[in-house]
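Only one structure is covered here, and it is reproduced in the block below.
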Amino acid sequence: MPAFSRIECRRGDLTRERADAIVNAASPALRGGGGVDGAIHRAAGPELLAELIARYPKGCAVGEACPTGAHGLNARMIIHTPGPIWRWGGAGEAEALAACHRSSIVAAGKAGCRSIAFPAISCGVYGYPPDRAAPLAVRAVGEALEDWPELQARFVLFSEPLRELFQAALDQARGA
Ligand code: APR
């Protein structure tokens, strides 16, 4: 039974969230960028980039999760996961986006985290339509949480419309 009761949606700035694990919508290169990736690097400080270069010289595959320390963030760890670039839905984007969420939950669970905060992965620069991403992300997180009963998840959305979209997807999943 997917654990949708352990998911919540809120509007906010992910870099100001207090959570055991903060998920970064990274690029496969793992060298920072714009959007939430850029915001996280600015908030975490230059040591984050140094750790990424040292630990992941070859970067990270789309859908995989690469943990680092939290550095300047109010967390125990940052989980870097490259989402898929939207290519009109015919290139396995849905499965890759689900994999981002599953692998991030597993990484947080294995590290003993009690809370994990996600941005809307791939819904910015990577162009994934949020109305398609939201139900998929909610379902992937709900299913993955089944294996980690101590873990609470939240989506931290940068705009009210996005928060409403994710909340509607969560309500739908709960009611399904
Ligand atoms: N807190 C929460 N959400 C944020 C924040 C923030 N501080 N900043 C941006 N966002 C939101 C965006 O509005 C969008 O809804 O995060 C979502 C993901 O958008 P992007 O950050 O652009 O990430 P993505 O679409 O996955 O593209 C990743 O962009 O920044 C580069 O290096 C990154 O190449 C990678 C690509």
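The values are calculated or read from the model by the stated rules, or taken from the named source; none is laboratory data. Values in this document were obtained by computation on a predicted structure and should not be read as measured data. Neighbour counts are summed over all protein chains in view; Cβ atoms, including those assigned to glycine, are modelled from backbone coordinates with ideal geometry. Heavy atoms of the whole protein, side chains included, go into the accessibility calculation; ligands, DNA and RNA do not. Shrake-Rupley method; radii C 1.70, N 1.55, O 1.52, S 1.80 Å.
Worth pointing out:
- If R0 equals 35 Å, the separation of the Cβ atoms of GLU146 and TRP88 corresponds to a calculated FRET efficiency of about 0.65.
- Using alpha carbons only: equivalent-ellipsoid semi-axes of the chain, gyration tensor based, whole Å: 23, 18, 15
- Once C-alpha pairs closer than 8 Å and six or more residues apart are averaged by separation and normalised to the residue number of the chain, the relative contact order reads 33 percent.
- 0 to 90° range, to nearest 10: angle between helix 46-55 axis and the chain longest Cα axis: 90 degrees
- Carbon-plus-sulfur accessible fraction, region 54-176 (probe radius 1.4 Å, protein heavy atoms only): 54%.
- If you take all other residues with their beta carbon under 13 Å from the beta carbon of ALA99, and give Lys and Arg +1 and Asp and Glu -1, the sum is -2.
- Size of electric dipole in the chain: Cβ of Lys, Arg +1 and of Asp, Glu -1, about Cα centre, debye, nearest 20: 220 debye
- Debye-sum result for region 123-176 in log10 I(q)/I(0), which assumes one identical scatterer on each alpha carbon, at q = 0.18, 0.25 Å⁻¹: -0.61, -1.04
- Between the Cα long axis of helix 130-145 and the first principal axis of the chain there is an angle of about 80°, rounded to the nearest 10.
- Heavy atoms of the protein chains alone define the surface here; on that basis region 20-97 has 44 Å² accessible area per residue at 1.4 Å probe size.
- Electrostatic dipole magnitude of region 36-139 [Cβ: Lys, Arg +1; Asp, Glu -1; Cα centre; debye, to 20]: 220 debye
- Directionally averaged projected area (convex hull, Cα atoms, region 73-176), nm²: 6.8 nm²
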